[in-house]
Amino acid sequence: MEYIKLAEAYSELENTSKRLHKTFIISQLLKETSEEDLEHIIMLLQGRVFTDADDREIGVAAKLVLKAISVSTGFSISNIEKMWKEIGDLGEVAEKLCGKKTQNTLFSSDLDIKEVFSNLQKLASLEGMGSVDQKVKLISKLLTSAKPLEAKYVVRTVLQDLRVGVAEGTLRDAIAWAYLPGILPNYDLDTNQINPENREEYNFQVEAVQSALNKINDFSKVAITAKKGIEELNKIKIVVGKPLKVMLAQKVLNVVEAFETVGKPAVLEFKYDGFRMQIHKFEDKVTIFTRRLEEVTNQFPEVEDFVLNNVSADSCILDCEAAGFDSKTGKYTPFQSISQRIKRKYDIEKMAKDFPVELNIFDIIYFNGEDLLSTPFKERRAIIERIVKEEEKKIVLSKKIISSSEEEAQEFFDESISLGNEGLMFKNLEGVYKPGSRVGYMIKLKDVQDPLDVVILGGEWGQGKRSGWVTSLTIGILSNDGFLEIGHVGTGLKEKPEEGLSFGEITELLRPNILEEKGRELVVKPSVVISIEYEEIQKSPGYSSGFALRFPRVKLLRSDRRSDEITTLEEVEDLFYNQKKS
Ligand code: AMP
């Protein structure tokens, strides 16, 4: 398929904020897409060229793209920079300038989807000496062939900032609309409504796509299978070794609210302050994924051994929290101390000795060939109780009680905190496992003054001895309308890396994500997540969230979190009103 078809769809998507209309646009595009192009189209619609499980990144800074636009259009860098400052979006700049290209380079050849996709992937593999020039060459080659609209979206995709607003739920629905029988005619483009008479049938078909996605977290594969029909779709099964999204927890502020949400009696468990591991075992092969579905098996050889030695299952998928502890005192240590193991590629054995972890297993989603996603939690828990041989400070089940009593819950909460944990999890005894969802079957209760997880949206270059570092960070929380600012923070970051999370480290993490620079100020792609401590939440018209934090301090880097897993506006509102009452 020609890339222009996708570019036109992007443009239509950008021009509507209505979800059903977006779904319609995507479903029309999918219907026209051949099986060969489907995988690429699905990824490109999400603005990406690598799957979750692939840790490669395009990693091209805006400065390089600027150079590529200059090479391909003949305009000077300073001219392009000036336009960029005026317009604020390098994609639009590329669109405008490509339209002014001289005749002989105009549309030298048509871009096709496969070519764009593979060239974008190639960008990630260019490393070392001369790679900067090669990257510029590759991008400018694409831009030379691009029509103006194509140039806009090539640039935005390279910068990982597509701005067309395709949420996962929309893509899921569009797959159903495109391929499942009779679902598309239910939509009326003029009124932008679904025929209410067919609602049940409609939900059933969308649910079939969602259920497949729960089992293999791969939109492309699900789309290709849906194209073959609903029977094929229903045959999709969990594959041990391929990560599933993890189920997320809703937050409550006290034990009363916790019971109201999950019901009574409930399972109450310690909430360990470690990091999540989804562990797949198939005979003697163990694969470990983080909550972001990155594979970390090599970094945790001891965990591999714990599972091989202590879990009796031919195959299984376990949901766990790896909690760090002090090898001398045995006390749990905060997430911070073990987080460095996640990305570590060398000295693995030494790290395992210096920063030991205890594996706390709290759930199971697959056992000896059987998918347990729809099995009630109490039965899933019974399975882990049966198959795990516990060994203190190596592999244990999360500590639990079953209770209906607020007093007992409060005591259990206090006990958990006194042992260095974060609080409690409340779980519905009958709850099913919903990958990727924040449903009311699993609730977290932490201390009210717990840090907020926020994403960095921008910052300011420092001055004097701090020049070259991003010093003041603009931070944001999540809402239904995207990220909203909640303040600026610089306190807590260190000048010397040996003292903790440093300005230098944050700067290097932000550098490839820079989208815009105006004077000392910069806007970055929202991807780096940090935890912030604060004294109080205040109302503030100065920030788009309507709230500000009093005395914010950076506590730590949450490299295990994605930007869509951070604190939400709803949670901040709750925290605000709760602190007012007390
Ligand atoms: P939060 O990180 O604040 O969103 O809280 C949810 C996280 O708590 C999960 O993703 C797990 O990593 C972690 N956790 C710790 N202990 C448990 C437990 N017993 N059950 C479920 N999740 C737990």
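Values for this structure:
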{"item": "All positions within the range 38-59 that are part of a loop (DSSP other than H, G, I, E, B) and surrounded by 23 or more Cβ atoms within 10 Å (Cβ to Cβ)", "result": "Val49"}
{"item": "Test: residue in the range 336-350 that is at pLDDT below 95, crowded, with 20+ Cβ neighbours inside 10 Å and hydrophobic (A, V, I, L, M, F, W, C)", "result": "yes"}
{"item": "Odd one out for Gln250, checked against (1) within 16 Å of the ligand (Cβ to nearest atom); (2) without any contact (Cβ under 8 Å) to a residue 24 or more places away in the chain", "result": "(2)"}
{"item": "Matching residues in the range 419-439 - criterion: being under 20 Å from the mean Cα position of the chain (by Cα) and either closer than 24 Å to Val529 by Cβ or free of Cβ contacts under 8 Å to residues at least 60 places away in the same chain (or both)", "result": "Lys434, Pro435, Gly436, Ser437, Arg438, Val439"}
{"item": "Residues of the range 327-359 that turn out to be of a type in the set (Ser, Thr, Tyr), within 16 Å of the ligand (Cβ to nearest atom) and over 15 Å from Ser559 (Cα atoms), as a count", "result": "2"}
{"item": "Test result for Lys237, of a type in the set (Lys, Arg), within 30 Å of Ala352 (Cβ to Cβ) and surrounded by fewer than 18 Cβ atoms within 10 Å (Cβ to Cβ)", "result": "no"}
{"item": "Residues of the range 458-488 satisfying the condition of being among the hydrophobic types (A, V, I, L, M, F, W, C), surrounded by 23 or more Cβ atoms within 10 Å (Cβ to Cβ) and either away from the ligand (no atom under 16 Å from the Cβ) or not assigned by TED's automatic domain parsing to the domain that holds Arg558 (or both)", "result": "Val470, Leu473, Ile475, Ile486"}
{"item": "Pick from the range 281-326, criterion part of a strand (DSSP E or B) and within 11 Å of the ligand (Cβ to nearest atom), ranking: surrounded by the fewest Cβ atoms within 10 Å (Cβ to Cβ)", "result": "Asp319"}
{"item": "Gln278, sole failed condition from (1) modelled with pLDDT under 95; (2) within 16 Å of the ligand (Cβ to nearest atom); (3) in contact with a Phe, Trp or Tyr (Cβ under 6 Å, 6 or more places away or on another chain)", "result": "(1)"}
{"item": "Strands (runs of 3 or more DSSP E) within the range 494-576 that include 1 or more residues under 25 Å from Ala323 (Cβ atoms), at pLDDT 90 or above and β-branched (Val, Ile, Thr)", "result": "529-533, 553-557"}
{"item": "Flag for Lys393 being more than 12 Å from the ligand (Cβ to nearest atom), under 27 Å from Pro356 (Cβ atoms) and either touching a residue at least 40 places away in the same chain (Cβ under 8 Å) or in a helix (DSSP H, G or I) (or both)", "result": "yes"}
{"item": "Glu516 vs. criteria within 26 Å of Glu535 (Cα to Cα), assigned by TED's automatic domain parsing to the domain that holds Leu557 and acidic (Asp, Glu)", "result": "no"}
{"item": "Subset tally (residues that are in a loop (DSSP other than H, G, I, E, B) and over 17 Å from Glu521 (Cα atoms)) for the range 462-486", "result": "2"}
{"item": "Test: residue in the range 226-243 that is under 27 Å from the mean Cα position of the chain (by Cα) and within 16 Å of the ligand (Cβ to nearest atom)", "result": "yes"}
{"item": "Those residues of the range 318-350 which are over 23 Å from the mean Cα position of the chain (by Cα) and more than 23 Å from Ile530 (Cα to Cα), in sequence order", "result": "Asp326, Ser327, Lys328, Thr329, Gly330, Lys331, Tyr346, Asp347, Ile348, Glu349, Lys350"}
{"item": "Some residue of the range 257-265 being in contact (Cβ under 8 Å) with a residue 24 or more places away in the chain, under 21 Å from Glu392 (Cα atoms) and either surrounded by 21 or more Cβ atoms within 10 Å (Cβ to Cβ) or away from the ligand (no atom under 16 Å from the Cβ) (or both)", "result": "no"}
{"item": "Residue count for the range 327-345, restricted to those that are part of a loop (DSSP other than H, G, I, E, B) and closer than 17 Å to Glu295 by Cβ", "result": "5"}
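Matching residues to (1) within 16 Å of the ligand (Cβ to nearest atom); (2) in a strand (DSSP E or B):
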residue: Asp363; (1), (2): yes, yes
residue: Thr375; (1), (2): no, no
residue: Glu385; (1), (2): yes, no
residue: Ile401; (1), (2): yes, yes
residue: Glu408; (1), (2): no, no
residue: Ile417; (1), (2): yes, no
residue: Gly420; (1), (2): yes, no
residue: Val432; (1), (2): yes, no
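The values are calculated or read from the model by the stated rules, or taken from the named source; none is laboratory data. Nothing here was measured: the structure is a model prediction, and the numbers come from that model. Note that we place each Cβ from the backbone using ideal geometry, even for glycine, and neighbour counts take in every protein chain shown.
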